[in-house]
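A.B. asks: Dumping the structure here so I can ask a few things about it.
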Amino acid sequence: MKLYCLGTAGYHPNDARHTSCYAIPEANIVLDAGSGFYRIGNLLRSDTLHILLSHAHLDHVLGLTFVLDLLATTCLKHIHVYAERDKIEAIRSHLFHPALFPLEPDFQWHALEDLGYEFAIDETTIKWFPLEHPGGSVGYKLTWQTTSLAYITDTTCQVDSPYWLEIQSVDWLMHECNFSDEYTELAIKTGHSCLSDVLESAFRARISRLLLTHFNPLSLGNDPVGLELVTSRNLKRTPEQIALATDGLILDLG
């Protein structure tokens, strides 16, 4: 089971990163459909794809407009999209408004509220839960026989945030880290997370493997949030394994 990082920036792309999109080809699952979604074609394993959306901000849904190419040039025939009901309505009414896009693809839409807080896609068990973010967002926990993965993006991180109770001791945690510690006030104002808050909260939640992602596109370089400096000061209160997501990174989930 492998995770492919196709887009690891928030807000807008830069020369190194596209916006949020992650693929798990063996499960036919994609997490969010930002501008990095254009890279999905070579990873398709069947004629069916399941897209789990965290919310409807453009950096997470813009890639839905790219699927006409996929339907024309790949084996893809069936595209299932999962999101909260109001997010689906917003996407269909606005992103696919005729004045903005000429043709709405033949998606099969699934409102999360209709599925219950836990449902299955083939061999994957999925649980979703609310996050704190302007306009609303959700996180996901995906579980297979041999491993588990939590996807937490676009949220204000605090040690007592309710979502930490949902993801205790997962094998892998993907967590947004839009800002370095110097921008704490801006993170709270915009509904995002800073590095030290994520590291300490993940440690408390008994997370051993953490993948940081959804970085501010204005923060360039290999370490856009100052991870090396922060961990050198506080080694005992961080997960054992921490990685910075980059476009093109492939993780073996086990």
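The values are calculated or read from the model by the stated rules, or taken from the named source; none is laboratory data. These numbers were taken from a predicted model, which means no experiment stands behind them. Glycine also receives a Cβ, built like all others from the backbone with ideal geometry; neighbour counts cover every protein chain displayed.
A.B. asks: Take region 177-228 and flag every residue that is in a loop (DSSP other than H, G, I, E, B), touching a helix residue (DSSP H, G or I) at 6+ places or on another chain (Cβ under 6 Å) and under 19 Å from L249 (Cβ atoms).
C.D. replies: C177, V225
A.B. asks: Output yes when any residue across region 110-126 is loosely packed, with under 12 Cβ neighbours inside 10 Å, touching a Phe, Trp or Tyr at 6+ places or on another chain (Cβ under 9 Å) and part of a helix (DSSP H, G or I), and no when none is.
C.D. replies: Scanning region 110-126 turns up no residue that is loosely packed, with under 12 Cβ neighbours inside 10 Å, touching a Phe, Trp or Tyr at 6+ places or on another chain (Cβ under 9 Å) and part of a helix (DSSP H, G or I).
A.B. asks: Take T124 and tell me if it is closer than 22 Å to Y151 by Cβ and in contact with a Ser or Thr (Cβ under 9 Å, 6 or more places away or on another chain).
C.D. replies: Yes, satisfied.
A.B. asks: Can you pull out every residue in region 204-254 that is under 20 Å from the mean Cα position of the chain (by Cα) and basic (K, R)?
C.D. replies: Correct list: R209 only.
A.B. asks: Note down all Cβ pairs under 8 Å where the first residue falls in region 184-211 and is on the phi > 0 side of the Ramachandran plot, the second is of a type in the set (S, T, N, Q) and surrounded by fewer than 23 Cβ atoms within 10 Å (Cβ to Cβ), and they're at least six residues apart or on different chains.
C.D. replies: That search, which allows pairs on different chains as well, returns G191/T156; R206/Q168; R206/S169.
A.B. asks: Right, T146: surrounded by fewer than 19 Cβ atoms within 10 Å (Cβ to Cβ), under 17 Å from K2 (Cα atoms) and either in contact with a strand residue (DSSP E or B) (Cβ under 7 Å, 6 or more places away or on another chain) or among the charged types (D, E, K, R) (or both) or not?
C.D. replies: The answer is no for T146.
A.B. asks: Additional query: Residue by residue through region 212-254, note down the ones that are closer than 19 Å to I167 by Cα, among the aliphatic types (A, V, I, L, M) and free of Cβ contacts under 8 Å to residues at least 40 places away in the same chain.
C.D. replies: L212, A243
A.B. asks: Let me ask something else. Any residue at all in region 63-77 that's free of Cβ contacts under 8 Å to residues at least 60 places away in the same chain, among the hydrophobic types (A, V, I, L, M, F, W, C), touching a strand residue (DSSP E or B) at 6+ places or on another chain (Cβ under 6 Å) and surrounded by fewer than 17 Cβ atoms within 10 Å (Cβ to Cβ)?
C.D. replies: Within region 63-77, not a single residue is free of Cβ contacts under 8 Å to residues at least 60 places away in the same chain, among the hydrophobic types (A, V, I, L, M, F, W, C), touching a strand residue (DSSP E or B) at 6+ places or on another chain (Cβ under 6 Å) and surrounded by fewer than 17 Cβ atoms within 10 Å (Cβ to Cβ).
A.B. asks: Every residue in region 47-100 that is among the acidic types (D, E) and modelled with pLDDT under 95, please.
C.D. replies: D69
A.B. asks: What residue, among those in region 176-233 that are surrounded by fewer than 24 Cβ atoms within 10 Å (Cβ to Cβ) and among the aromatic types (F, W, Y), is farthest from H12 (Cα to Cα)?
C.D. replies: Filtering first and then ranking leaves F203.
A.B. asks: Can you tell me which of (1) farther than 22 Å from F203 by Cβ; (2) of a type outside the set (A, V, I, L, M); (3) outside any strand (DSSP E or B); (4) in contact (Cβ under 8 Å) with a residue 12 or more places away in the chain is the one T156 doesn't meet?
C.D. replies: Just one mismatch for T156, condition (1).
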